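To keep things clear, I will list the structure first and then write my remarks on it.
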Amino acid sequence: MAGTWPNMDLSDLAARSRSHLNEAAAGFFSNAEIYRWLTAGVSEIADKGSCVRRILDAVTVSGVKTVSAPGLKVHHVEYVPSSGRPSFLREIDPLKAGNNPLKGSAPQMWYPDGGLIYIEPTPDAAYQLRLYVSDVPKLVVASIPSFSTGWAAGTGWTAGATAVHSGEPSGDLVYTDAGLDAGTDYTIGLTVSGVSGGTVIPYAGTTAGVSITANGYHTQNLVSSSGTPALKFTAAGTVTIDDVTILKAADFSSATDQTELAPMWQHMAVLLAVRDGLKKDGRSAHQLLDALAESEIRHLRSQIVEIVPAGRIDRRSA
């Protein structure tokens, strides 16, 4: 077991796949094929199981009805006011857009269309939102609990167990331990605390994320810029960040690659890779593995992912 239990890294997944295919070393089944089948299997699991869920920061633009909606599917949209209690927006049929009674100018309704969500009423300011989405599975690049090493702290930043910014906008906090790949979809997570009128913005190279103004755990999807991009943070005022995580959308390629899929889903990637291997070998048994995988994905989705009652739909009078 090369991965950190109970997680399996690529070497574990490939070894188990080869064990079931009865070929310990590359021969009829090349390593490149095994890696490709595992990559496809992880994507199939996430798509059918809807098991990679995120809560992404988003913000509206004044006069613009749409907000970018990264990921596979947006399930819910939450409006987070600068003060007071957050509230979930009502999803509506796009055919009924513009025909619903509204109260005030804050976001109240939404509907999805082509990688965007449409907000009603049309925003008249920058409103903070949270998007509850299903996403594509990504590889774990780094989980960073401390800023003592591997970071370059510009003016205004103090890097140690946490990274603390104070004062007006000044220098950047740059991750120097490893660069980002150009033009790649990343998920950046971080814990923000001690906000006192401050803000912090993550960057993937020159690609800016959403300005963060509230305490809590925040997640953003960013497509890195061209050239040699680096992860960095800019800030203003007083703010503390901690527990940075970096995930990358990429195919399996290195023995130590670790998928973000939870351990309970990882064994099915092996099952699907073996299925594809049997297809290549012309064995009809791949149909049985296909049925087993489909059944297991449906079971886990119903028992783990979608177990919350859906209000009126799931309630029945006695």
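Out of the residues in region 38-56 that are at negative phi and in a loop (DSSP other than H, G, I, E, B), state the one that is nearest to the chain's Cα centre (by Cα). Quick ask: steps written out before the conclusion?
Just the residues of region 38-56 that are at negative phi, to begin with: 38-49, 51-56.
When the remaining residues are screened for being in a loop (DSSP other than H, G, I, E, B), the result is 51-52.
Values: CYS51: 11, VAL52: 7 Å.
In this case the residue turns out to be VAL52.
Does GLY71 fit the bill of being under 16 Å from LYS138 (Cα atoms) and crowded, with 22+ Cβ neighbours inside 10 Å?
No, not satisfied.
Going by the conditions given, is ARG18 of a type in the set (Lys, Arg), buried (at least 18 other Cβ atoms within 10 Å of the Cβ) and closer than 18 Å to THR256 by Cα?
yes
Look through region 160-183, keep the residues that are crowded, with 18+ Cβ neighbours inside 10 Å and closer than 17 Å to LEU247 by Cβ, and return whichever of them is nearest to the chain's Cα centre (by Cα).
Across region 160-183, the extreme among qualifying residues is LEU180.
Would you be able to tell me the number of residues in region 103-131 that are free of Cβ contacts under 8 Å to residues at least 40 places away in the same chain, among the aliphatic types (A, V, I, L, M) and in a loop (DSSP other than H, G, I, E, B)?
Count: 1.
Which condition number does GLY282 fail, the rest of (1) modelled with pLDDT of 95 or more; (2) in a loop (DSSP other than H, G, I, E, B); (3) not hydroxyl-bearing (Ser, Thr, Tyr) being met?
(1)
Out of region 93-113, which residues are polar (S, T, N, Q) and either more than 26 Å from the chain's Cα centre (by Cα) or closer than 20 Å to LYS73 by Cβ (or both)?
ASN99, ASN100, SER105
Yes or no: VAL77 in contact (Cβ under 8 Å) with a residue 12 or more places away in the chain and within 19 Å of TYR127 (Cβ to Cβ)?
yes
Can you find even one residue in region 132-146 that is surrounded by fewer than 16 Cβ atoms within 10 Å (Cβ to Cβ), part of a loop (DSSP other than H, G, I, E, B) and of a type in the set (Lys, Arg)?
no
The values are calculated or read from the model by the stated rules, or taken from the named source; none is laboratory data. On a predicted model such as this, the values are computed, not experimentally measured, just so you know. Note that we place each Cβ from the backbone using ideal geometry, even for glycine, and neighbour counts take in every protein chain shown.
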